[in-house]
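To start, the structure under review is shown below, and the notes come after it.
The values are calculated or read from the model by the stated rules, or taken from the named source; none is laboratory data. Keep in mind it's a predicted model, so treat the numbers as computed, not measured. Please note: Cβ atoms are built from the backbone with ideal geometry, for glycine as well, and neighbour counts cover all protein chains shown.
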Amino acid sequence: MSTTLQSFIAGRWVGQGPKQALRSAINGKVVAHTHEEQLNFEEMVAYARTTGLRTLLNTHFQDRARTLKALAAYLMERKEELYAISAHTGATRSDSWIDVEGGIGTLFAYSSIGGKDLPSSNVLHEGPPMRLGQENHFIGSHVLVPRRGIALHINAFNFPIWGMLEKFAPSYLAGMPCLVKPASATSYVAEKAVRVMMDSGLLPAGCLQLIVGGTGDLFDRLEEPDVVTFTGSADTAMQLRSHPNLLRRSIPFNAEADSLNCALLAPDVTPDDPEFELFVKEVAREMSAKAGQKCTAIRRAIVPRHLMDAVGAALTARLKKIVVGDPAIEGVRMGALASHAQQADVMDKLALLAEGNEILLSGRDGFTPKGEGTENGAFFAPTLLRCDRPLQQTQVHNVEAFGPVSTLMAYDDYEEGLHLATLGRGSLVGSLVTKTPALAAQAVPTFAAWHGRLLVLDREAALESTGHGSPLPKLKHGGPGRAGGGEELGGLRAVKHYLQRCAVQGSPTMLTAVTGEYQRGGAVQESEIHPFRRYFEDVEVGQSLLTHRRTVGEADIVAFGGLSGDYFYMHFDDVAAKQSQFGQRIAHGYFVLSAAAGLFVSPAPGPVLANYGLETLRFVTPVAIGDTIQARLTAKRKIDRPLREGQANAGVVAWDVAVTNQRGELCASYEILTLVAKKGEPS
Ligand code: NDP
């Protein structure tokens, strides 16, 4: 029995009367209806701006990262409910895996990115700061803060869960209440996912609202701090991004639109190479996964002219083996398109692509989807075209059939192949299959200018490759030109998209307070208590220790050389050292580092549990025999971390270390990272 879907606005589910029937892609039966009630967008926006923003900004980056993790775990427990509903979209289990577990995995990834890279506040410092005056009284840096606006996410029909979560995760981390509008055709899947998210009780009120159906006057209600993120067709992207209210108020609009992604087989590959098989496999996989309804799918397979027949035969043979039908049936590898509308659209686009090109494989070759009722479903046979004159047949670079359709096209020399790759006029992803590093390097300047992501595939990468079609949470997703010109994912970059960047100038003391990170030259707090004897909660940014001094003698250099085995001439050969730029023997940089540790550590057991690395190390002024060094250790930055099973309950403290000589010159500069225990907790 079909249900009427509901929108979730201002904390309640809205919608009772059925409107548009949404049909199963497998057998055409009605799965659900959108609702007929008009939404009150004024109320929705007001709720996000008041309750949503207030509850979100009562939390900080680290709190939100923790919530994402808990939410991901909760969704994972209920994933089978999501798989069950996803089946109506025509997806196989592995297609749904991309949507369901790919989406949940993205939540996990962003919880980890947030936990590792973001502070326990709502100010993200994007350093390093730069000196703006000679004497270090005036410096400048950048901070990123929540925009204090709302994020409107408009999603495509093909990945109703992943598409929603990959936008929600960074927006939520950034502290933006989200209004999510799924594509109507598969809104029943998104609605179910939002219900599960709400059932979790983990999300603060107002941080997520759902729109089933149209957006009404919502675009007129958007304001300067808001953001729109869109996935769908280039036409809709153009229509929405040019909305007068968005233009007038400079509201960012991030678009990820359809693109004619390519895979290029380099001329060095022969049919006997494993790379040949890899190319064929990758193209076939991208044509059949999600029945080709992936924004990243390979639409154009560009191959050397002399290999056209061989690739065509291998690809056709592979595609013929793909069993199409109801994914519930054992052995079925490809399901249906998401709707009859899509089926009709792909048919129309295929007719355009076929003009002047040969069809190597199509539905005419005895295509009958497996399963009961599938004659009423939205199935489409894997279809391969051959284009021998791709420089003349320009439709193969312009027309996207959003289904299991791809065109094989020939090139005569490598530069021409690379040129063909650019004729998509901007793509999300391209693959280059080659066994020659120099050919990869030659391709990149052309390829990278027109693509958001590039997979260079050879037999070695294939051992672990995640594939052409998989956007990864930590790598950028989005391409130039036709692909929409936007950027999503890419780790912290995605979170920054939802934050506002501001340059801040002032004294080091002021910038320490503003950024929450000690800036060298700023006021420090010194006390009798050694900074290493404080528990995590008691460490404050700016707490500092100026150590006693130590004069470096020749014996130190000899001993350190003996211990490390480092007898570099600069430390041991008086003649060569005198002829060098330093004019004398100098101490090993690593000795200075070790000696500084000896100056500043507090040796007895205490809250500092481990030193796990150092960053930004620079040896600035060399330390010569007879120089006297001294270190200043200052708490620079704190990162709180939740308790993890099997690990000590501790936070991260980064310490600024400046080693100076008797003239006050900076000899070594770096940041050390320590794990510092929290009070009264098991360590
Ligand atoms: P659309 O661009 O029509 O729709 C994308 C989203 O925009 C949907 O949520 C849709 O909602 C919404 N939308 C459409 N018009 C408006 C409007 N005037 N105001 C507000 N929201 C609007 O794409 P389709 O989903 O129909 O797919 C069409 C084509 O787009 C595909 O055939 C394919 O070529 C491409 N595509 C690209 C994808 C990619 O990832 N790059 C993904 C999916 C499709 P509603 O469904 O309610 O109309």
* To do: Being of a type outside the set (A, V, I, L, M, F, W, C), modelled with pLDDT of 95 or more and touching a strand residue (DSSP E or B) at 6+ places or on another chain (Cβ under 8 Å) narrows it down to one of GLU277, GLU282, so name that one.
  => GLU282
* Subset of the range 296-347 that is touching a residue at least 40 places away in the same chain (Cβ under 8 Å), within 14 Å of the ligand (Cβ to nearest atom) and assigned to a helix (DSSP H, G or I) - its residue that is farthest from PHE447 (Cα to Cα) -> HIS340
* To do: Name the one entry in ALA84, ALA72 that is surrounded by 20 or more Cβ atoms within 10 Å (Cβ to Cβ) and either of a type in the set (A, V, I, L, M) or closer than 26 Å to ALA32 by Cβ (or both).
  => ALA72
* For PHE582, state whether it is part of a loop (DSSP other than H, G, I, E, B) and closer than 30 Å to GLY521 by Cβ. => yes
* Asked: Quick check, is ALA351 within 16 Å of the ligand (Cβ to nearest atom), of a type in the set (Gly, Ala, Ser) and without any contact (Cβ under 8 Å) to a residue 60 or more places away in the chain?
  -> yes
* Quick check: anything in the range 376-393 in a helix (DSSP H, G or I) and modelled with pLDDT under 95? -> yes
* Considering the range 363-391 alone, what residues qualify as being surrounded by fewer than 18 Cβ atoms within 10 Å (Cβ to Cβ) and at positive phi? -> GLY366, GLY373
* Structure fact -> Checked pairs for the range 492-518, first closer than 12 Å to GLU126 by Cβ, second of a type outside the set (Val, Ile, Thr) and assigned to a helix (DSSP H, G or I), C-beta under 8 Å and 6 or more apart or across chains, list as LEU492/ASP117; VAL495/TYR110; VAL495/GLY114; VAL495/PRO170; VAL495/LEU173; VAL504/LEU511
* Residue by residue through the range 476-491, note down the ones that are within 16 Å of the ligand (Cβ to nearest atom) and either closer than 30 Å to ASP656 by Cα or without any contact (Cβ under 8 Å) to a residue 40 or more places away in the chain (or both). => LYS476
* Asked: Which of the residues belonging to the range 530-566 are among the β-branched types (Val, Ile, Thr) and either in a helix (DSSP H, G or I) or within 30 Å of GLN584 (Cα to Cα) (or both)?
  -> THR547, THR551, VAL552, ILE557, VAL558
* Only one of ALA587, ALA555, ALA577 is out of contact with any helix residue (DSSP H, G or I) (no Cβ under 6 Å at 6 or more places or on another chain) and small (Gly, Ala, Ser); which? -> ALA555
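Residues are listed down the side, and each one gets a yes or a no for (1) away from the ligand (no atom under 16 Å from the Cβ); (2) within 22 Å of the chain's Cα centre (by Cα); (3) more than 30 Å from ALA48 (Cα to Cα); (4) among the polar types (S, T, N, Q):
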residue: THR106; (1), (2), (3), (4): no, yes, no, yes
residue: SER111; (1), (2), (3), (4): yes, yes, no, yes
residue: LYS116; (1), (2), (3), (4): yes, yes, no, no
residue: PRO128; (1), (2), (3), (4): yes, no, yes, no
* Asked: Any residue in the range 440-457 that is surrounded by fewer than 18 Cβ atoms within 10 Å (Cβ to Cβ) and basic (Lys, Arg)?
  -> no
* Could you please tell me which pairs satisfy a Cβ distance under 7 Å, a separation of 6+ or placement on different chains, a first residue in the range 246-257 that is within 17 Å of TYR498 (Cβ to Cβ), and a second residue that is within 16 Å of the ligand (Cβ to nearest atom) and among the basic types (Lys, Arg)? => PHE253/ARG241; ALA255/ARG241
* Structure fact -> Requiring at least 1 residues that are at pLDDT below 95 and near the ligand (Cβ under 10 Å from one of its atoms), the helices (runs of 4 or more DSSP H) wholly within the range 215-255 are 234-241
* **Of all residues in the range 640-674 being surrounded by fewer than 18 Cβ atoms within 10 Å (Cβ to Cβ) and of a type in the set (A, V, I, L, M, F, W, C), the one that is farthest from the chain's Cα centre (by Cα)** => LEU666
* Provide a single number: the residues in the range 403-442 that are in contact with a Leu (Cβ under 7 Å, 6 or more places away or on another chain), among the aliphatic types (A, V, I, L, M) and under 18 Å from ARG305 (Cα atoms). => 5
* Asked: Which of the residues belonging to the range 624-652 are at pLDDT 95 or above and part of a strand (DSSP E or B)?
  -> ALA624, THR628, ILE629, GLN630, ALA631, ARG632, LEU633, THR634, ALA635, LYS636
* Do we find a residue being more than 23 Å from LEU210 (Cβ to Cβ), in a helix (DSSP H, G or I) and among the acidic types (Asp, Glu) anywhere in the range 81-92? -> no
* Structure fact -> Log entry, pairs with first residue in the range 155-166 being closer than 18 Å to ASN254 by Cβ and modelled with pLDDT of 95 or more, second being part of a loop (DSSP other than H, G, I, E, B) and more than 9 Å from the ligand (Cβ to nearest atom), beta carbons closer than 9 Å, six or more apart or on different chains, reads TRP162/PRO471; GLU166/PRO471; GLU166/PRO473
* **The lone exception for ALA351 - which of (1) touching a strand residue (DSSP E or B) at 6+ places or on another chain (Cβ under 8 Å); (2) in a helix (DSSP H, G or I) it fails** => (1)
* Candidate set: the range 166-202, residues that are under 20 Å from the mean Cα position of the chain (by Cα), more than 23 Å from LEU337 (Cβ to Cβ) and in a helix (DSSP H, G or I); chosen: the one farthest from the ligand (Cβ to nearest atom) -> LEU173
* **Hits in the range 219-260 - residues which are touching a Phe, Trp or Tyr at 6+ places or on another chain (Cβ under 7 Å) and small (Gly, Ala, Ser)** => ALA237, ALA255
* Asked: Restricting attention to the range 305-320, does a residue exist that is in contact with a strand residue (DSSP E or B) (Cβ under 7 Å, 6 or more places away or on another chain), at pLDDT 95 or above, among the small types (Gly, Ala, Ser) and surrounded by fewer than 23 Cβ atoms within 10 Å (Cβ to Cβ)?
  -> yes
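Residue-by-condition table, conditions (1) of a type in the set (Ser, Thr, Tyr); (2) surrounded by fewer than 19 Cβ atoms within 10 Å (Cβ to Cβ); (3) over 27 Å from ASN136 (Cβ atoms):
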residue	(1), (2), (3)
GLU517	no, no, no
ASP538	no, yes, yes
ARG549	no, yes, no
GLY561	no, yes, yes
* Single residue of GLN584, GLN500 found to be within 24 Å of VAL143 (Cβ to Cβ) and modelled with pLDDT of 95 or more -> GLN500
* To do: Could you identify the single residue in ILE139, ILE211 that is in contact with a strand residue (DSSP E or B) (Cβ under 9 Å, 6 or more places away or on another chain), β-branched (Val, Ile, Thr), over 26 Å from ILE113 (Cα atoms) and more than 13 Å from the ligand (Cβ to nearest atom)?
  => ILE139
